[in-house]
Ligand SMILES: NC(=O)c1ccc[n+]([C@@H]2O[C@H](COP(=O)([O-])OP(=O)(O)OC[C@H]3O[C@@H](n4cnc5c(N)ncnc54)[C@H](OP(=O)(O)O)[C@@H]3O)[C@@H](O)[C@H]2O)c1
């Protein structure tokens with residue numbers, strides 16, 4: 001049996017282009033004891049993968065040029081030499097960017113049994129959902145009634161963050177790119193502010209209008225003008241959970257910092273970065289709280305789906321032009 005997979009043939013400079021990715025194939029070797037073979041049904045592409053393309057170790061190892069790329073995926077076991085996992089089991093693992101994955105069973109987990117579609121375990125109930133929960137509850141220590149600002153608010157992480165924040169009662173404001181996303185945010189009771197075509201000063205004024213009392217929590221996904229505008233609108237004692245800074249991931253030179261970092265001092269605020277995998281001990285608490293709400297339709301999660309393995313690089317690149325609403329997925 002063959003596996004088709006993508007490799008990266010050079011480190012991108014700035015925004016990657018599709019010609020940096022090559023679709024290759026290989027004959028799979030017979031399964032070793034303890035290994036499983038999986039037919040992937042859904043692949044995840046995520047912004048953090050951009051950092052892995054630069055060839056430097058950050059909080060995660062870089063992708064190796066010419067080697068299969070990886071990432072989160074769900075699929076079905078089609079062959080097993082492991083006592084725990086059997087043919088037909090649905091699983092999640094990191095052998096993405098390919099159609100057939102062959103992995104040690106210890107790197108593969110069976111999908112939990114909530115009444116949700118399989119692909120939810122890559123998005124709202126997967127790493128992005130856990131990130132939203134951890135950022136709000138553990139890093140920002142969000143309290144009932146807090147006013148919360150979220151950037152990239154209609155994306156995979158942001159769209160759950162706004163809904164978790166909304167459930168705790170304060171004013172929630174979401175920053176997003178296009179009208180469809182702003183309309184969706186308004187439809188779930190979130191005040192929506194566009195960042196497009198605005199500098200930090202203009203965005204700051206728009207945030208002030210949306211929430212004149214200021215924010216207790218800023219859930220940071222974007223950086224740049226969003227961060228600067230948020231810093232101008234903090235309440236005393238505010239907490240900023242730095243989840244990501246996607247507006248900077250394709251910068252070719254040093255990124256300029258916010259001109260108003262002193263607002264942390266003025267507002268006696270705290271700003272803390274985090275990586276979700278270092279907080280994975282909370283994943284089950286998150287699942288038990290959020291999965292039943294997803295199953296009952298109490299949380300509105302969105303997906304943008306590309307079809308076919310060949311579409312994986314395009315789907316990844318579209319994260320940087322905001323083509324996705326909710327989780328960006330590839331259906332195989
Ligand atoms: N710390 C962690 O452990 C962790 C884990 C997961 C994700 N993250 C971070 O969380 C953030 C969101 O990730 P996600 O998976 O949920 O992605 P996502 O929000 O589903 O997709 C990315 C979104 O970012 C927005 N965006 C892209 N370029 C932008 C720019 N230059 N300026 C402003 N907005 C821009 C786009 O929405 P618009 O149309 O609104 O522009 C796009 O849809 C990313 O920064 C990611 O790196 C961190």
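Read-outs: derived from the displayed coordinates by stated rules, not from any lab. Small disclaimer: the values here were computed from a predicted structure and weren't measured.
Results, tabulated for the structure shown:
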{"item": "5 Å binning of all Cα-Cα separations within the range 114-252, expressed as whole percents from 0 upward", "result": "2, 11, 22, 24, 22, 12, 5, 2, 1, 0"}
{"item": "Percentage relative contact order, the chain, counting C-alpha pairs under 8 Å, at least six apart", "result": "17 percent"}
{"item": "Antiparallel %, DSSP beta bridges [both residues in the chain], to 5", "result": "55 percent"}
{"item": "Relative contact order for the range 31-188, counting Cα pairs under 8 Å that sit 6 or more residues apart, in percent", "result": "18 percent"}
{"item": "Angstrom value of the Kirkwood radius, inverse mean 1/r, which spans all Cα pairs in the range 1-79", "result": "14.2 Å"}
{"item": "Per residue convex hull volume, Cα atoms of the range 1-150, in Å³", "result": "148 Å³"}
{"item": "Gaussian network model of the chain, Cα within-10 Å springs - most flexible of 295, 306, 120", "result": "295"}
{"item": "For the range 101-158 versus the range 160-221, the gap between their alpha-carbon centres in whole angstrom", "result": "20 Å"}
{"item": "C-alpha long axis of helix 283-295 to longest principal axis of the chain, angle in °", "result": "90 degrees"}
{"item": "Three-way shape call for the range 245-314 based on the alpha-carbon gyration tensor, with the a/c threshold at 1.5", "result": "oblate"}
{"item": "The range 129-277: relative contact order in percent, alpha carbon pairs under 8 Å with at least 6 residues between", "result": "23 percent"}
{"item": "Inter-part distance where the range 253-316 and the range 17-46 are each reduced to a Cα centre, Å", "result": "26 Å"}
{"item": "Tail fraction, Cα-Cα pairs, the range 73-137, threshold 16 Å, whole percent", "result": "48 percent"}
{"item": "Rounded, prolate or oblate (a/c below 1.5 giving rounded, otherwise prolate when a/b exceeds b/c) for the chain by Cα gyration tensor", "result": "prolate"}
{"item": "D (Stokes-Einstein, µm²/s), Kirkwood Cα radius, the range 100-139, 1.306 mPa s at 10 °C", "result": "134 µm²/s"}
{"item": "Stokes-Einstein translational diffusion, the range 127-187 - Kirkwood Rh over all Cα pairs, 0.692 mPa s, 37 °C, in µm²/s", "result": "288 µm²/s"}
{"item": "Degrees, to the nearest 10: 200-210 long Cα axis against longest axis of the chain", "result": "80 degrees"}
{"item": "Nearest 10 degrees, 0 to 90: helix 156-166 Cα axis against the chain principal axis", "result": "50 degrees"}
